[in-house]
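Input: a single structure, listed below in structure tokens.
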Amino acid sequence: MKRWNVLNSQKDKTDIIAVLLSARGLSADQAKAFLAPDYEEGLHNPFLFRDMQAAVDLINKHLQAGNKIVVYGDYDADGVTAAAIMYKTLNFLANKTSSKSELAVYIPDRIGEGYGLKKSAIKHLADEGTKLIITVDNATRNVDEVAYAKTLGLDIIITDHHEAGDVLPDCLIINPKINGEQYPFLGLAGCGVAFKVAQGLLTSPPAPLLKKGEGSHSCSVTPPSPFQGEGWGEVFLKWLLDLVAIGTIADLVPLLDENRVLTKYGLVVLNKTTRIGLKKLMAVAQTNVDRNGNNREVDAWQVGFQIAPRLNAAGRLDHANNAYELLVTEDDAEAVKIAEQLNKTNVERQNITQEIFEQADNDINNNDQILLAVWPGLNCHCEGHSVSEVTKQSREFHDKEIATLRSAPLAMTELPWPSGVMGLVAGKLTEKYYRPALAITNKNGEIVGSGRSIEEFDITAMLEECAEFLSNFGGHKQACGFTLKNREALEPFLDKAKKIAAVKLAGVELTPTLDIDLEINFSDVSEELHQALQKLKPFGVGNPQPKFLTKNLTVVNVWNMGSDGQHLKLKLHPVKSSQSEFNGVKSEDKILFDAVAFSVIDEWKKIKVGDDIDLVYYIDMNEWNGNRSIQLKIIDLKIT
Ligand SMILES: [Mn+2]
């Protein structure tokens with residue numbers, strides 16, 4: 001049972017939208033801007049980044065010299081969209097300027113290489129003749145790797161959005177979060193930062209690209225500069241916004257400020273995208289069809305729950321190159337092939353995650369303040385069996401591992417849990433028990449894990465206290481990743497984690513809170529309100545879809561749908577006895593609304609006609625056979 005927390009107790013509800021926005025901390029002026037995000041006004045000047053001009057100049061210099069440039073990406077949805085944005089922009093510029101530069105993208109292997117710049121990869125790229133590496137969505141902490149790249153004669157530009165360490169790499173860095181950076185918005189995703197560089201490159205003055213003697217000062221005839229004419233770069237830039245929207249929503253950064261503009265316009269672009277890979281992926285994922293079979297706009301929800309998981313699945317179980325290729329391919333057959341493959345990988349990812357979750361759910365100790373899911377192969381105290389004997393360090397082994405997982409149920413194999421889904425498993429445990437959770441496995445002989453947490457517990461701070469057992473860790477308050485020093489460190493690490501959680505969470509009531517925006521009456525619910533709420537979109541992190549509470553409702557009809565009665569539809573109207581509370585509101589008792597819920601808990605299946613309930617819901621629109629009507633989407637309810 002969730003604890004209900006009504007955020008706003010405002011009594012005057014003549015303008016519900018204004019009440020909602022003020023409760024979210026927006027002034028009247030901010031609310032006005034929020035309701036009408038403007039592309040021109042809403043984006044900050046990219047040259048506010050300390051190193052932007054220098055980065056633009058350096059990129060142009062390499063393009064002009066015809067040098068090989070490699071975009072060094074990351075394996076999640078943010079990383080692959082960022083890589084596609086950077087690559088497409090460089091390619092566009094190279095074509096416009098007849099540059100001879102060879103352009104390439106390098107996405108590290110999540111399982112074999114891990115996150116960030118790696119010396120082996122840098123060496124490999126240098127040997128292939130690369131002169132400039134531009135990172136996207138990574139490398140802010142790769143001080144040593146950048147120094148190494150320099151010894152090989154490489155230039156490096158870091159573009160990233162992750163927190164910096166105490167020392168910064170010695171190269172140009174575009175990252176709103178580094179010390180001393182003046183850029184006014186810290187919430188950009190990796191793809192958002194890549195987009196800012198694209199904006200810098202495509203809107204910068206022509207000077208850097210002109211050859212000596214071609215400048216307007218020394219030449220009476222204006223040279224044919226690609227930077228002149230009808231906002232050519234601006235148009236190209238806008239068509240990149242579909243990628244920005246996907247990466248930004250997928251990376252769970254707040255959809256406020258500049259991100260609100262980028263995703264709002266990005267979703268418009270996504271709905272008319274010309275990228276055939278994305279079109280095919282949306283077709284196989286059926287993103288544009290609702291439960292009633294109606295066509296619908298692709299929204300932030302579909303991006304977050306249908307598109308992003310499919311792009312992420314590649315890196316978790318295979319290689320993220322697949323996801324990247326999907327974004328950039330111009331070949332129809334290839335697009336279909338990759339889209340279907342990502343779809344399949346995503347189903348496998350779901351099954352594997354569910355299976356591990358069930359196994360872990362059985363094994364966890366319910367009394368612990370922090371839930372520990374450990375691959376059973378690590379728990380065996382069999383003498384003389386070191387981790388490296390249990391597995392072998394090779395990519396081939398991993399491939400075999402995944403192949404086996406696909407052909408036999410996980411429980412029947414003795415193979416380690418795939419490291420790529422540990423965060424998802426921890427997340428499921430946290431969701432079910434409302435406690436922090438760690439999921440730990442063996443990855444190519446190393447003990448690695450991911451953690452997820454609740455508001456009340458900073459899980460990365462916990463790791464800091466356990467640093468003596470870890471060779472590597474990172475993350476934020478509610479999510480983390482880590483590698484243990486060795487097998488011997490496992491037990492003491494788990495013990496310490498338990499102790500820290502026991503202390504920090506002592507006396508904390510471990511029940512999830514449901515934040516509700518506003519309590520309203522059924523008489524406040526209308527098509528106009530639904531219409532007005534649409535202006536708050538796109539919904540997501542930092543800007544959740546408003547949740548409403550209405551108390552004292554009577555169930556006038558119940559439909560249990562689905563094979564197991566798992567879907568519920570109620571017809572509701574206000575309890576007559578409470579009429580006196582709605583002074584002045586006429587015929588409140590005549591107002592009827594349908595409310596629906598999918599995959600409901602057992603308790604809700606017992607609801608019967610005549611029951612009185614309090615309801616928390618979203619205001620939605622149901623379309624059926626061309627008819628539109630308000631439908632409430634049930635978030636939670638209490639039988640009173
Ligand atoms: Mn990112």
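The values are calculated or read from the model by the stated rules, or taken from the named source; none is laboratory data. Note that this is a predicted model, so its numbers are computed, not measured. Ideal geometry is used to build each Cβ from the backbone, glycine not excepted, and the neighbour counts take in all protein chains shown.
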Residue in the stretch 451-458 that is closer than 21 Å to Pro416 by Cβ and of a type outside the set (D, E, K, R) present
yes
Filter the stretch 129-186 for residues that are within 16 Å of the ligand (Cβ to nearest atom), in contact with a Lys or Arg (Cβ under 7 Å, 6 or more places away or on another chain) and over 20 Å from Ile107 (Cβ atoms) and give the result.
Glu163, Ala164, Leu186
Candidates Ala198, Ala194, Ala189, filtered to the one that is of a type in the set (Gly, Ala, Ser) and more than 16 Å from the ligand (Cβ to nearest atom):
Ala198
For the stretch 548-568, which positions are part of a loop (DSSP other than H, G, I, E, B) and either farther than 15 Å from Val596 by Cβ or of a type in the set (Asp, Glu) (or both)?
Ser563, Asp564
Test Ile111 against the criterion of being more than 16 Å from the ligand (Cβ to nearest atom), closer than 30 Å to Pro416 by Cα and of a type outside the set (D, E, K, R), and give yes or no.
yes
Hits in the stretch 147-183 - residues which are over 27 Å from the mean Cα position of the chain (by Cα), within 16 Å of Ala55 (Cα to Cα) and not charged (D, E, K, R):
Leu154, Cys171
I'd like the full set of residues that are surrounded by 13 or more Cβ atoms within 10 Å (Cβ to Cβ), in contact (Cβ under 8 Å) with a residue 24 or more places away in the chain and either outside any helix (DSSP H, G or I) or in contact with a helix residue (DSSP H, G or I) (Cβ under 6 Å, 6 or more places away or on another chain) (or both), limited to the stretch 25-46.
Pro37, Tyr39, Gly42, Leu43, His44, Pro46
Given the criterion within 16 Å of the ligand (Cβ to nearest atom) and either in contact (Cβ under 8 Å) with a residue 60 or more places away in the chain or not assigned by TED's automatic domain parsing to the domain that holds Ala189 (or both), identify the matching residue among Asp57, Asp74.
Asp74
Asp515 versus (1) modelled with pLDDT of 95 or more; (2) assigned to a strand (DSSP E or B): which is the lone unmet condition?
(1)
